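Beneath this line is the structure, given in structure tokens, with notes to follow.
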Amino acid sequence: MLEIKNLHARIGEKEILRGVNLTVPDGEIHAIMGPNGAGKSTLSYVLSGRDGYEVTEGEVIYNGQNILDLPPEDRAAAGIFLAFQYPVELPGVGNANFLRTALNAVRRKRGQEELDAVAFLKLARAAVKSLHMKEDFLKRNVNVGFSGGEKKRNEMLQMALLKPGLAILDETDSGLDIDALKIVAEGVNALRAPDFSALVITHYQRLLDHIVPDVVHVLAAGRIVRSGPKELALELEARGYAGLEAA
Amino acid sequence: MTALPTKKLEAWRYTDLRPLSGISFVAPPVGAAPALPDLGLPRLVFLNGVFNAALSSPFAFARGFAPVAEDSALPLAQINAEQAHDGATLHVPAGVDAGTVLLISHATGDVPFAFHLRHRITLGEGARLTVLEIAKGEGIYWHNPVTDITLAANAALTHIRVQEESRAAYSLATIRASVAASASYEHFTATIGGQLSRTEIHAALTGPGALAHLNAAQLLNGTQHGDFTTVVAHKAPGCASRQTVKSVLADTARGVFQGRIEVARGAQQTDGFQLSQALLLSPGAEMDTKPELEIFADDVKCSHGATVGALDEEQLFYLRSRGIPEAQARAMLIRAFLEAALEPVTQKEARTLLEAAINNWWVQP
Ligand SMILES: Nc1ncnc2c1ncn2[C@@H]1O[C@H](COP(=O)(O)OP(=O)(O)OP(=O)(O)O)[C@@H](O)[C@H]1O
Ligand SMILES: [Mg+2]
């Protein structure tokens, strides 16, 4: 379970998160929508432990543990996974090597046995196939020269291998064609389990047709200003965010 | 002895040999036999500058040392000629693929000593050879090797050097290569050891279609100073030269790359490319890059670029967010940064050796 309590965070002098309260029980998928610049990506970075954000108030409890003091790698081992809005290119780092290093680092910390090259490749190839990616993706440098949609799929590949307990998808749907959208949704739905939860950040109702959320939240100006059932997304799609920020 | 070059010489602007001139180097003591890697390759081993037959293994293309006469404008080569009494002489006849040979220099001694190896590598027409050079040692010494390389038409030499000298050593290597038509000289130096070190390469492309790759990776920390200086002379049309130099500098280490490309009149369709990239891991580290183009032909494609930067925080976070611990993430990014310079190193044993040397570097204090 993820519990975000009165979270305030700033970048330099600028306060971006201004008292976020949000609870995602195990087994649930919550969507976060909200205008550009509201702080959605900031929230996802603060949850995953990126440097440069100062938390001035509040706490984040994941599975009973306050995670704000943990370095990003420990949060990953604890099960938190962020699918980046803008996945990062790593020239000179082969995708297979990257994936295997990450997987083994996480497995080591979780007390599981590391995978040798053969076992890993078997696993990775299966995941690549289920995401309908070309196999040469494993041989290429991480995200280098990938199309926008291919980068997003590569995020999903990482998620499939790392098997997180909490997945944060930051606009994973933007830049995806209709078929890719379904594939990504399948990937997330395949992880659905009593001990899996997800925060799905999106601007479009269409993703939520495929990944049906239990709750939809609206984040505006650094706060959750409204929460409701999945129909809220339809309402937002029709009316926009006007009037919500003051709520 | 010929005087050491001083900073007054343009070619020595960034590398100061004064610390060296303050030390009185003696003749090398008898070298102790080190533990040598067994790569299953023929090898020529030099201990404190002297060929050691017992530690070496037969290589059909090696000959005995013969003294040289030299009248050079390069002070270090001149000093070498005055002092040299040993070195490898490799000759591969036309059309022969001689495989790979290891050239090992190992130095140890209690008092500062100097040695001046003189290597010669000659490849006949269409001949091929890979030379894998390893230099190691302990204590204070000055290693001043000169390597003269002559490649006949269509010959191909791959020359990989792993400089892991003593951290207190002075290592000043001069390499001169003459590359005939359609011949290729592929060079890679890893500069890891040495308190003060320099690799100076002069490559002359003398026939049409000749090629020279002069790459380097400098991994320096503490107060180390490493210098990679190259002069490529395009003397014939249609030749190509490439230099990719990657420097990773920590603490107050200093890296230097001086790259000069000379294109003679008539050397049309010259293709010259030069890239120097430095990764500064601490605020006290410094990189000096000096590209020089001297072009006397008009149909020429020459480019050079230089960048200096720190590790990318966003890349680092990306790796860490996937569970990779910070130190390992840094090592991965540094290794990735070096990748392009390692291109000439395709030979399996050389790769293995180099990867081990790079890996070893992270764990150094
Ligand atoms: N490094 C930074 N320095 C200064 N301001 C920043 C920085 N990063 C983000 N911001 C600001 O913080 C605010 C929230 O940005 P954030 O990226 O979290 O928005 P978002 O809700 O994800 O928007 P979008 O829907 O466009 O992705 C914006 O006003 C943005 O300009
Ligand atoms: Mg965003």
So the pair-distance distribution of chain B, from every Cα-Cα distance in 20 Å bins, comes to percents of 30, 60, 10, 0
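So for the stretch B:27-360: antiparallel DSSP bridges make up what percent, rounded to the nearest 5? Could the numbers behind the result be given before it?
Details: 4 of 133 bridges.
For the stretch B:27-360, the DSSP antiparallel bridge percentage is about 5.
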Under 1.5 on a/c is rounded, so check that first for the stretch B:182-259, then, if it is not, pick prolate when a/b is larger than b/c and oblate when it is not; a ≥ b ≥ c are the square roots of the alpha carbon gyration tensor eigenvalues. prolate
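How big is the C-alpha Rg of chain A next to the rule-of-thumb value 2.2 N^0.38 Å, as a ratio? Don't jump to the answer; show the numbers that get you there.
Working: Rg = 17.7 Å, N = 247, 2.2 N^0.38 = 17.9 Å.
Against the compact-globule rule of thumb, the ratio is 0.99.
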Principal axis dimensions, the stretch A:55-124 - Cα atoms, whole angstrom, descending: 45, 30, 15
Of B:ALA350, B:ALA327, B:ALA156, which has the largest mean-square fluctuation in a 10 Å C-alpha GNM of chain B? B:ALA327
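Going from the alpha-carbon gyration tensor of the stretch A:1-109, what semi-axes, largest first and in whole Å, does one get by taking the root of 5 times each eigenvalue? Walk me through the numbers on the way to the answer.
Working: eigenvalues 124, 63, 39 Å².
One finds semi-axes of 25, 18, 14 Å for the stretch A:1-109.
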Rounded if a/c under 1.5, otherwise prolate or oblate - the stretch B:222-311, Cα gyration tensor axes: prolate
Please identify which residues in the stretch B:180-222 have an amide N closer than 16 Å to a label point set 7 Å out from the Cα of B:GLU292, following the Cα→Cβ vector. B:199-204
Residues other than B:MET287 with Cβ under 13 Å of its Cβ, Lys/Arg counted +1 and Asp/Glu -1, net out at 0
Thinking of the protein assembly as shown as a set of Cα atoms, what percent of all their pairs are more than 44 Å apart? 35 percent
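Chain pair B, A: how much accessible area is buried, both chains summed, with a 1.4 Å probe, in Å² to 100?
Details: alone 14820 and 11600 Å², together 24410 Å².
Interface area, both chains combined: 2000 Å², rounded to the nearest 100.
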Could you check which residue among A:PRO91, A:PRO25, A:PRO213 shows the biggest mean-square fluctuation in a GNM of chain A with a 10 Å Cα cutoff? A:PRO91
Could you give the dipole magnitude of the stretch B:27-360 about its Cα centre, charging the beta-carbon of Lys and Arg +1 and that of Asp and Glu -1, in debye to the nearest 20? 400 debye
Accessible-area value, B:LYS7, 1.4 Å probe, nucleic acids and ligands omitted, Å²: 90 Å²
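For the cross-link pairs A:LYS139/B:LYS246; A:LYS129/A:LYS152; A:LYS14/A:LYS40; A:LYS109/A:LYS151, which exceed 20 Å when the distance is taken from alpha carbon to alpha carbon? It would help to have the intermediate numbers written out before the result.
On the way: A:LYS139/B:LYS246 24 Å; A:LYS129/A:LYS152 15 Å; A:LYS14/A:LYS40 15 Å; A:LYS109/A:LYS151 27 Å.
In this structure, A:LYS139/B:LYS246; A:LYS109/A:LYS151 lie more than 20 Å apart at Cα.
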Would you work out which of B:PHE65, B:SER171, B:PRO93 lies farthest towards the positive end of the dipole of the stretch B:51-196, given +1 charges on the beta-carbon of Lys and Arg and -1 on that of Asp and Glu, about the Cα centre? B:PRO93
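Charges only on Cβ, +1 for Lys and Arg, -1 for Asp and Glu: so what's the dipole of the stretch B:224-365 about the Cα centre, in debye to the nearest 20?
280 debye
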Please list the three semi-axes, largest first and in whole Å, of the ellipsoid equivalent to the stretch B:257-308, using sqrt of 5 times the eigenvalues of its alpha carbon gyration tensor. 30, 9, 5
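Using only atoms on other chains, find how many Cβ atoms lie within 10 Å of each Cβ of peptide A:102-109 and report the average. Provide the component values of the computation, followed by the final result.
Working: counts 8, 3, 2, 8, 3, 1, 2, 2.
So the per-residue partner count for this stretch is 4.
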Under a 1.4 Å probe, counting only protein heavy atoms, A:GLU114 has an accessible area in Å², nearest 10, of 90 Å²
Using the Cα centre of chain B as origin and beta-carbon charges of +1 (Lys, Arg) and -1 (Asp, Glu), tell me which of B:TYR141, B:GLN328, B:LEU44 is placed farthest towards the positive end of the dipole. B:LEU44
Run the reach check for B:LYS301 against aspartates and glutamates, Cα to Cα strictly under 15 Å, same-chain hits fewer than 8 apart removed. What comes back? B:GLU262, B:ASP271, B:GLU292
Cα-Cα P(r), the stretch B:90-154, percent of pairs per 10 Å interval: 20, 40, 24, 13, 3
Pick from A:VAL216, A:VAL46, A:VAL144: which is most flexible by mean-square fluctuation in a GNM of chain A where alpha carbon atoms under 10 Å apart are linked? A:VAL144
For a test of the definition: using alpha carbon positions, the gyration tensor, and the 1.5 limit on a/c, classify the stretch B:116-235 as rounded, prolate or oblate. prolate
B:VAL96 neighbourhood, Cβ < 11 Å, K/R = +1, D/E = -1, net charge -1
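As a test, work out the antiparallel percent of DSSP beta bridges whose residues both lie in the protein assembly as shown, rounded to the nearest 5. Intermediate values should be presented prior to the final figure.
Details: 28 of 175 bridges.
So the antiparallel bridges amount to about 15 percent of the total.
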All aspartates and glutamates inside 14 Å of A:LYS134 as judged from Cα atoms, apart from same-chain residues fewer than 8 positions distant: A:GLU150
Evaluate the Debye formula for the stretch B:55-131 with equal point scatterers sitting on the alpha carbons, no solvent, and hand back log10 of I(q)/I(0) at q = 0.14, 0.20, 0.26, 0.28 Å⁻¹, in q order, two decimals. -0.58, -0.99, -1.20, -1.26
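The values are calculated or read from the model by the stated rules, or taken from the named source; none is laboratory data. These numbers were taken from a predicted model, which means no experiment stands behind them. Backbone-built Cβ (ideal geometry, glycine too); neighbour counts: all protein chains shown. Protein only, heavy atoms only, side chains kept; ligands, DNA and RNA dropped before computing areas. Shrake-Rupley method; radii C 1.70, N 1.55, O 1.52, S 1.80 Å.
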